[in-house]
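Peer 1: Got a structure for you, questions after.
The values are calculated or read from the model by the stated rules, or taken from the named source; none is laboratory data. No experiment lies behind these values; they were computed from the predicted model shown. FYI the Cβ positions are ideal-geometry reconstructions off the backbone, even for glycines, and counts take in every protein chain you see. For the accessible areas, the whole protein counts, side chains as well, though only heavy atoms, and no ligand, DNA or RNA atoms are used. Shrake-Rupley method; radii C 1.70, N 1.55, O 1.52, S 1.80 Å.
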Amino acid sequence: MSKRKLRINGHSHLLPYPEEIPQFMQDKGIFWVDKDRKFMLQKDWNRPITDSSFFLNEKLAWMERFKIDHAVVLNLSQLYGNGLRVEEMKQALRFQNDFNAKVQHQNPSKFTCGFVVHPGFVRGACWEIERCVEELGLQLLCLPTHYMDTIGTWRCIFDEENEPIFELANKYNLAVEIHPYDGEKFIKLENTSWRFHLIWMLAQCADAYHFLTLNGYQDKYPNMRTCFAHGGQLAQINLGRRIQGFDGRPDLFEGKSHPRKAVAHKNIFFDTLVHDTGGLELLIRNQTSNQVIMGLDDPYPLGEMESEKQSSYPGKILDLAMERKIITEPQRDAIWEDNVIQWLCGDDQAAKDKLVKRILG
């Protein structure tokens, strides 16, 4: 009898209940949730909580309803810590990491949780990686596409100054998630019509992919496996332009790695959250289905949620891709299970077996 195929969501988010968030977070305007659970808030910012599955018990019920066995919980983008005073940043990120560790430890069959560090303070980031791996038992490092350094300059995560972070990720065999946010803080455009979520977030992912591959980090750090949120969507359509640019102006890329070397590389993954089968087909054609993992981005409204307007539900894009013969059934099953496990564990078979055993309880 063949074993049941697992359904693992590789891109999920979770809010703490209001009473779980320390008072200092609200006092300093860093982040909090109102008592009625209607809004998440920061100083001069708020966003409606659009689904009850932002919270733990409701998330578990939602997963049960849609037959999702396990979810990878990323950090909240609002807690990257950009622009905070260093002590406030450390406390906020530590709260997020301790919260995620608690969720994983109390619900081991349901969640694998990530932890976040601030690359602007490399030594502190390395200490926090060591703490999260060795003390909290976490194996997924969440990083922003861009961050503010100590003098207020915005930089790409794959800046060479951050190599100590990647060396540790390599040492600990970590999965790495690259997620965009804060674009409106450094892209000088008015924040209107949701442009930073709909367009610039995808450009931020493409920019980070550009520098990961130019620096050849997928080969330099063979035990670090990087996944780009939202399918790294603009990176897919942009591939030919980057190759032509590299070939046409080699003087601008001295000492850099050719973009072709990274295409379909076993250490670079992308989630399925591209919203249409045309985008998914291009992603798979470029990178092969082996490098694609299931990503629902639940419970955000840009995630693959149940929606009457869009006649949508979690997993719809893969079902449509099968109907349109973009992928086969074994490829669909691998995107839901095997590829996510490969991203999380790499070639460490003992880690894979341990993860599957944890999911199956």
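Peer 1: Give me a count of the residues in the stretch 321-344 that are closer than 15 Å to His11 by Cβ and in a helix (DSSP H, G or I). Show your work before the answer.
Peer 2: Kept after step one, since they are closer than 15 Å to His11 by Cβ, are these residues of the stretch 321-344: 335-337, 339-341, 343-344.
Checking the rest, the ones that are also in a helix (DSSP H, G or I) come to 335-336, 339-341, 343-344.
The number of residues fulfilling the criteria is 7.
Peer 1: Could you check how many residues of the stretch 18-33 are over 23 Å from Val73 (Cα atoms), in a loop (DSSP other than H, G, I, E, B) and either open to solvent by 20 Å² or more (accessible area, probe 1.4 Å) or among the β-branched types (Val, Ile, Thr) (or both)?
Peer 2: Final tally of qualifying residues: 1.
Peer 1: Now for a different question. Would you list the strands (runs of 3 or more DSSP E) that sit entirely within the stretch 141-191 and hold 3 or more residues that are more than 17 Å from Val122 (Cα to Cα)?
Peer 2: On the way: elements: 146-148, 154-156, 175-179.
The qualifying strands (runs of 3 or more DSSP E) are 175-179.
Peer 1: Continuing with the same structure: Looking only at residues that are among the hydrophobic types (A, V, I, L, M, F, W, C) and open to solvent by less than 10 Å² (accessible area, probe 1.4 Å) in the stretch 279-294, which one is farthest from Ile243 (Cα to Cα)?
Peer 2: Step one: filter the stretch 279-294 for residues among the hydrophobic types (A, V, I, L, M, F, W, C), giving 280, 282-284, 292-294.
Those left that are additionally open to solvent by less than 10 Å² (accessible area, probe 1.4 Å): 280, 283, 292-294.
Values: Leu280: 21, Leu283: 16, Val292: 22, Ile293: 25, Met294: 28 Å.
Looking at residues that are among the hydrophobic types (A, V, I, L, M, F, W, C) and open to solvent by less than 10 Å² (accessible area, probe 1.4 Å), I get Met294.
Peer 1: Would you pick out the residues in the stretch 229-261 that are more than 25 Å from Leu141 (Cα to Cα) and open to solvent by less than 60 Å² (accessible area, probe 1.4 Å)?
Peer 2: Listed by number, the residues that qualify are Asn238, Leu239, Gly240, Arg242, Ile243, Gly245, Phe246, Gly248, Phe253, His258.
Peer 1: Related question: Output the residues belonging to the stretch 276-304 that are more than 20 Å from Val72 (Cβ to Cβ) and touching a strand residue (DSSP E or B) at 6+ places or on another chain (Cβ under 7 Å). It would help to see each step written out before you state the result.
Peer 2: Pass one, the stretch 276-304, residues more than 20 Å from Val72 (Cβ to Cβ): 276-279, 281-282, 284-286, 288.
Correct list: Ile284 only.
Let's see how each residue does on (1) in a loop (DSSP other than H, G, I, E, B); (2) open to solvent by less than 40 Å² (accessible area, probe 1.4 Å):
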{"residue": "Pro16", "(1), (2)": "yes, yes"}
{"residue": "Lys35", "(1), (2)": "yes, no"}
{"residue": "Glu58", "(1), (2)": "no, no"}
{"residue": "Lys67", "(1), (2)": "yes, no"}
{"residue": "Val72", "(1), (2)": "no, yes"}
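Peer 1: Out of everything in the stretch 124-140 that is among the aliphatic types (A, V, I, L, M) and part of a loop (DSSP other than H, G, I, E, B), what residue ends up being surrounded by the fewest Cβ atoms within 10 Å (Cβ to Cβ)? Don't jump to the end; show me each part of the working.
Peer 2: Applying the first criterion (among the aliphatic types (A, V, I, L, M)) to the stretch 124-140 yields 125, 129, 133, 136, 138, 140.
Now drop any that are not part of a loop (DSSP other than H, G, I, E, B), which leaves 136, 138.
Working: Leu136: 18, Leu138: 23.
That would be Leu136.
Peer 1: Restricting the search to the stretch 300-332, which residues are under 19 Å from Phe66 (Cα atoms), free of Cβ contacts under 8 Å to residues at least 60 places away in the same chain, hydrophobic (A, V, I, L, M, F, W, C) and surrounded by 20 or more Cβ atoms within 10 Å (Cβ to Cβ)?
Peer 2: Ile317, Leu318, Ala321, listed by residue number.
Peer 1: Quick one: in the stretch 262-278, of everything that is open to solvent by 10 Å² or more (accessible area, probe 1.4 Å) and outside any loop (DSSP other than H, G, I, E, B), which residue is farthest from Ile327 (Cα to Cα)?
Peer 2: That would be Gly278.
Peer 1: Can you say whether Cys227 is over 13 Å from Cys156 (Cβ atoms) and under 16 Å from the mean Cα position of the chain (by Cα), as far as the supplied structure shows?
Peer 2: Values: over 13 Å from Cys156 (Cβ atoms): yes; under 16 Å from the mean Cα position of the chain (by Cα): yes.
It is true that Cys227 is over 13 Å from Cys156 (Cβ atoms) and under 16 Å from the mean Cα position of the chain (by Cα).
Peer 1: For the structure I just gave you, tell me whether Asn46 is open to solvent by 80 Å² or more (accessible area, probe 1.4 Å), of a type outside the set (Asp, Glu) and in a strand (DSSP E or B). I'd like the intermediate steps shown before the answer.
Peer 2: Details: open to solvent by 80 Å² or more (accessible area, probe 1.4 Å): yes; of a type outside the set (Asp, Glu): yes; in a strand (DSSP E or B): yes.
Yes, satisfied.
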